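The structure appears right after this line, and notes come after that.
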Amino acid sequence: MEFLHAIIVLSNFVVIPAIAYGSQLALGALGVTLVYGILRFSNFAHGDTMAFGTMVAILFTWWFQSIGVSIAPLPTALLALPIAIVVTAALLLGTDRVVLRFYRKQKSAPVILLIVSLGIMFVYNGLVRFIIGVGDQRFSDGARFIISARDFKKLTGLDEGLAIKTTQVITVITAILVVAILFWFLNRTRTGKSMRAFSDNEDLALLSGINPERVVLYTWLIVAALATIAGTLYGLDKSFKPFVYFQLLLPIFAAAIVGGLGNPLGAIAGGFLIAFSEVFITYAWKKVLMYTLPEQFAPSGLMQLLATEYKFAVSFAILLVVLLFKPTGLFKGKSL
Amino acid sequence: MIEIQDLHKHFGGFHAVDGVSLTIEQGSITGLIGPNGAGKTTLFNAIAGLHKPTNGKVLLGGEDITGLAPHQLFHKGVMRTFQIAHEFASMSCRENLMMVPSNQFGETLWNTWFGRRRIADQERALTAKADEVLEFLTISHLSDEKAGQVSGGQKKLLELGRTMMVDAKIVFLDEVGAGVNRTLLNTIADAIKRLNKERGYTFVVIEHDMDFIEKLCDPVICMAEGKVLAHGSLAEIKNNEHVIEAYLGTGLKNKEKNVVQ
Ligand SMILES: Nc1ncnc2c1ncn2[C@@H]1O[C@H](COP(=O)(O)OP(=O)(O)O)[C@@H](O)[C@H]1O
Ligand SMILES: [Mg+2]
């Protein structure tokens, strides 16, 4: 019984939140890794691309709510998502046309593109804050829980509750769908294959008649979808605040690098690794230990390894260790 | 077929190709020889669109194709292979070949989702074609191997195979025989001859193996230090004193250099 309680507490506070968070990081890291693999630079604007996409989703959510459109019990934001993806894609393609294409034609070094993406990041950053403000926005509606802690207790007669939020389930299902479609696209369609070919060997791809501008176009379309979906899911699960999305850049890059930049499978694995580490290390283990340890060893403190405020240190530490000991990441980087 | 007019390619102050003018006749197999560093590969790069020439013109059947992007040249039937074989390492040899024919049905987003049937037919035809090419090159057994894993010589064959997937007009082969054993070299020579005869490909072949040149090429061009030294039949080239001095005569030394490169 004690042990069962420990497992329920662990699931409730660690496993389920980490799975949801991991899915969001994985989707974010996939975007970063695709840009790195195909366009060959580290896109620092990705966090703010997510913020922009989410902002558009929020604006349309509000509009749908105001005219009474709803898909309850699902959150209205899901309805706004396709529109947000289209708007974000337009922004990314516009940016590419106005800024990035110039540097691509010059065959600029990746580090120059990285700095350029930093500039784009600041622009997006300002754009989002200008339109929606710096504050916290909540936009999730519909049913909040699939199972609330109280229902769970009543149902099972146990002392500990297990809550599963609607947004968590939606996050995981959406992530699985998106990843399945992405991998099917990359491995089975000609366009996807030509993107892989371009990532594998750019010169050869060009000489095989693959049009680079087309590959770039598809890459941005996919990145827009990934970023908007990841950002909106994160915002539904927690809340939307531009600064938080800017900060997400660190765990997302950590996930992509840990998995091996340019490797989509690695990005997914990296996302979950970072999410689980972060939640594990910032969780107060007191309750779980109380259930599992004999009474005389019961802990008196919170048993929290790191305060939540320092959670970014976790990504940073993992990143450092990986870069020191396996710079290409856990999976081999740079191949799609 | 291809006319090159006063082509220059400079890297900083270094003139890798320094005023090359020549004409490649339709249906010929032209040999391009010369010591390492002569600028042969750079000339190919400048023609095939990987590096924009600093100066000069390239005409294909009278049409100016100077500085076009590689994928545009591909669609005009201009192909090249690399001195150090390139491959899509994470794909199988068959998939490598199947990447080549481009701009088919299936390249648009719409068709990717809604034209599945026609795409499936096309993929089947493409697979058959790739298998045929692999068979021709005697590497059928490698069709499912990852291209990154096969030997250097086999990668060279794959490079040649790539040009067989479409109907090219002119193919530039950069040291297609380097690192390939005798038997394979003969296979390659036969393939080149057949493509030339049966499909009317025009070839320009960079090669250090003089037997190979002798068997295939007429005319032969010799380059050194970014310039054309001589252009003519193999016999003329062999007796040209500039060529002997710059390339053939110093045979042993050059061979050592070749090994290093
Ligand atoms: N991208 C480059 N940047 C600077 N120098 C180059 C570049 N490519 C080739 N070169 C130089 O141009 C000269 C000709 O090279 P290359 O065309 O490869 O000779 P070949 O193929 O005849 O052996 C060499 O001296 C080489 O170092
Ligand atoms: Mg060369």
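Computed quantities for the displayed model
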item	result
Of the DSSP H helices in chain B, those whose Cα atoms cover at least 20 Å axially and whose Kyte score averages 1.0 or more	none
Spatial separation of Cα centroids for the stretch A:100-127 and the stretch A:205-242, in angstrom	16 Å
Accessible area (Å², per residue) of the protein assembly as shown, counting only protein heavy atoms and a probe of 1.4 Å	44 Å²
In degrees, nearest ten, helix A:242-259 long axis to first principal axis of chain A (Cα)	80 degrees
Charge-dipole axis of the protein assembly as shown as Lys and Arg at +1 and Asp and Glu at -1 on Cβ define it, positive-most pick from A:Thr328, A:Pro294, A:Ala317	A:Pro294
Nearest-ten-degree value, helix A:311-325 long axis tilted from longest Cα axis of chain A	60 degrees
Per-residue HN-Hα couplings for the stretch B:73-80 [Karplus 6.51, -1.76, 1.60; θ = phi - 60°; Hz; x = Gly/Pro]	5, 3, 6, 8, x, 9, 10, 8
Tensor-based shape of the stretch B:3-87 (alpha-carbon gyration tensor, a/c under 1.5 rounded, otherwise prolate or oblate)	rounded
The stretch A:71-78 - phi-based ³J(HN,Hα) in whole Hz, Karplus 6.51/-1.76/1.60, Gly and Pro as x	10, 3, x, 6, x, 4, 4, 4
Chains B and A together, accessible area buried on both sides, 1.4 angstrom probe, square angstrom	2700 Å²
Shielding by other protein chains, A:192-199, mean Cβ within 10 Å	3
Dipole axis of the protein assembly as shown (+1 Lys, Arg; -1 Asp, Glu on Cβ), positive-most option in A:Ala72, B:Leu248, B:Leu73	A:Ala72
Cut-off under 5 Å, modelled amide H: who pairs with B:Ser28 long-range	B:Phe203
Calculated from backbone phi, Karplus (6.51, -1.76, 1.60) coupling profile of the stretch A:196-202 in Hz, x at Gly/Pro	5, 4, 4, 5, 5, 7, 4
Sulfur and carbon atoms: percent of accessible area, the protein assembly as shown [1.4 Å]	61 percent
With all protein chains modelled, accessible area of A:Leu206 [1.4 Å, Å²]	20 Å²
Reachable lysines from B:Lys9, criterion Cα separation under 16 angstrom, eight or more residues apart if same chain	B:Lys40, B:Lys52, B:Lys57, B:Lys227
Value of relative contact order over chain A, rounded to a whole percent, pairs C-alpha under 8 Å and six or more apart	32 percent
Shielding score for B:74-81, defined as the mean number of other chain Cβ atoms within 10 Å	2
0 to 90° range, to nearest 10: angle between helix A:264-282 axis and chain A longest Cα axis	30 degrees
Within straight-line cross-link reach of A:Lys287, aspartates and glutamates at Cα separation under 19 Å, skipping those fewer than 8 residues along the same chain	A:Glu2, A:Asp159, A:Glu160, A:Glu278, A:Glu295
Within-9-Å neighbourhood charge of B:Lys40 [Cβ basis; K, R +1; D, E -1]	-2
Long-range amide H partners of B:Met223 with built H, under 5 Å	B:Ile33, B:Gly34, B:Leu229
Net charge contributed by nearby residues that have their C-beta within less than 9 Å of B:Ala89 (K/R +1, D/E -1)	-1
Charge dipole magnitude, Cβ of K and R +1, D and E -1 - chain A, Cα centre, debye nearest 20	740 debye
Nonlocal amide H pairs with B:Lys9, under 5 Å, H built at 1.01 Å	B:Ala16, B:Val17, B:Asp18, B:Gly19, B:Thr54
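The values are calculated or read from the model by the stated rules, or taken from the named source; none is laboratory data. This is a predicted model, so every value here is computed, not measured. Here Cβ is always computed from backbone atoms with ideal geometry, including for glycine, and neighbour counts include all displayed protein chains. Note: accessible area is taken over every heavy atom of the protein model, side chains too, but ligands, DNA and RNA are not part of it. Shrake-Rupley method; radii C 1.70, N 1.55, O 1.52, S 1.80 Å.
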